[in-house]
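Enquirer: Here it is, the structure in full.
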Amino acid sequence: MSGAARILLADIGGTNARFALADPALASPLILDSMQRYPVVDFPSLADAARHYLRETGQEESGIRAGIFAVAGHVDGDVARITNHPWVISRQRTQAQLGFERVTLINDFAAQAMAIPLLQAGDVVPVGGATWTPEAAPQHRTYAILGPGTGLGVGALIIREGRQYPLETEGGHVSFPPGTPEELAILDRLSAQFGRVSNERLVCGPGLVNIHRALSELAGEDPGPMQPADVTARAQAGDPRCMRAVDVFCAVFGAIAGDLVLTLGAWDAVFLTGGVVPKMLDALQHSGFRQRFEHKGRFSPAMARVPSLAVMHPNAGLLGTAAIARREALDAAPA
């Protein structure tokens, strides 16, 4: 396929900007050897980061004239604001800056959701006993997807008569519902700091630090500056409070994932994605995640049958963005 038919893809989070190319004519449209990642703080805008990618990969003169960009924030018409980074992205301005004929902005978890039908068995690891088998062409499914990274992304994929409908949500900003006396005490500490406390204040990389700080303050101690990697490393080394912070994180994550299944009717599976999940997979599998996931009163038996699956594909957001590129090309093709 000629370069003119290729699509520039981007998956923009609060920490990293990932770029790749898609060939919409292929059944597996993501061009695997085209992927690059850059820190978003290195660029003043999405257009600058995209131009850097095109220049670095020798694609500036390739004839690419369209882009599909998934962003970690709310897409409001022509504008998207990154929740955990200062970028404000205008579709029209970005299109003009890049000299493209077409730019599409989507929520990053709509892209994550669209990746689900392209995932293979080796791309996921079950958390708990319920299993899932990939299907070539599912006709009627409802999947939930959520993932902690710099923030907490939440979305869904509804498949009806083979047609895929991703849901763009900001479910990470739903109010945090504590489920134990300890979590109530943590909520009290976080409320003193933040006022309203959302799920994202606990279940994301910085959220792990928030949990650790709250536990430390409840014990009358100041933990000092911490990074998420500090908490997980000290937990692995046997530090009791860091171990407890990881346990609380996993339990709350499980409770939230289970609530999402109930809210959406996502009985077919919930997919756990984001940058934190692969790093904490062992902790998730040996924690209270699944117990809190299933512990839903009269619906506990039904929840026990719902697979919870850790997504290990390193670029699921780009994979889903490529799937959207292919769908747009198929929709635009003459009947």
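The values are calculated or read from the model by the stated rules, or taken from the named source; none is laboratory data. Nothing here was measured: the structure is a model prediction, and the numbers come from that model. Neighbour counts run over all protein chains shown; Cβ positions are idealised from the backbone, glycine included. SASA here: full protein model, heavy atoms, side chains in, ligands and nucleic acids out. Shrake-Rupley method; radii C 1.70, N 1.55, O 1.52, S 1.80 Å.
Enquirer: Quick check of the Kirkwood formula: for the stretch 172-311, what is the inverse mean of 1/r over all pairs of different Cα atoms, in Å?
Expert: 15.3 Å
Enquirer: Report the calculated FRET efficiency for residue 239 and residue 28 (r = Cβ-Cβ distance, R0 = 51 Å), to the nearest 0.05.
Expert: Step by step, r from the Cβ atoms, then E = 0.70.
Enquirer: Take 287, 308 and sort them by solvent-accessible surface of the protein heavy atoms, 1.4 Å probe, largest at the top.
Expert: So the residues, ranked largest to smallest area, are 287, 308.
Enquirer: Most fluctuating residue of 266, 229, 245 in a GNM of the chain with Cα springs under 10 Å: which is it?
Expert: Checking each option, the largest mean-square fluctuation is seen for 229.
Enquirer: Could you work out the local net charge near residue 160, counting Lys and Arg as +1, Asp and Glu as -1, over the other residues with Cβ closer than 14 Å to its Cβ?
Expert: 0
Enquirer: Just flag the GluC sites (Glu not before Pro) in the stretch 27-115 sitting in loop per DSSP whose Cβ has no more than 10 other Cβ atoms within 10 Å.
Expert: 61, 101
Enquirer: Please name whichever of 210, 169, 38 sits farthest to the positive end of the charge dipole of the chain, dipole taken about the Cα centre and charges placed at Cβ: Lys and Arg +1, Asp and Glu -1.
Expert: Working it through, the farthest residue towards the positive pole turns out to be 169.
Enquirer: Which distance in Å, rounded to a whole number, links the C-alpha centroids of the stretch 270-327 and the stretch 100-116?
Expert: Distance between centres, Cα-based: 20 Å.
Enquirer: If you add up the charges near residue 128, with Lys and Arg at +1 and Asp and Glu at -1, over every other residue whose beta carbon is less than 10 angstrom from its beta carbon, what do you get?
Expert: Surrounding charge for residue 128 is 0.
Enquirer: Which of the GluC sites (Glu not before Pro) found in the stretch 188-225 are in a DSSP loop and have at most 16 neighbouring Cβ atoms, other than their own, within 10 Å?
Expert: The qualifying sites are 221.
Enquirer: Under a plain spin-label model, where a point goes 7 Å from the Cα along Cα-to-Cβ, how far apart in nm are residue 302 and residue 74?
Expert: Here the answer is 3.0 nm between the modelled labels.
Enquirer: Only sites in a loop by DSSP and with at most 15 other Cβ atoms within 10 Å count here; which trypsin sites (Lys or Arg not before Pro) in the stretch 146-189 make the cut?
Expert: Filter output for the stretch 146-189: empty list.
Enquirer: If each residue of separation counts as 0.36 nm, what is the full-extension length gain between residue 88 and residue 194 once their alpha-carbon separation is subtracted?
Expert: Contour length minus the Cα-Cα distance gives 35.8 nm.
Enquirer: Just from the alpha-carbon atoms, what are the Rg and Dmax of the stretch 72-200 in angstroms?
Expert: 18.3, 56
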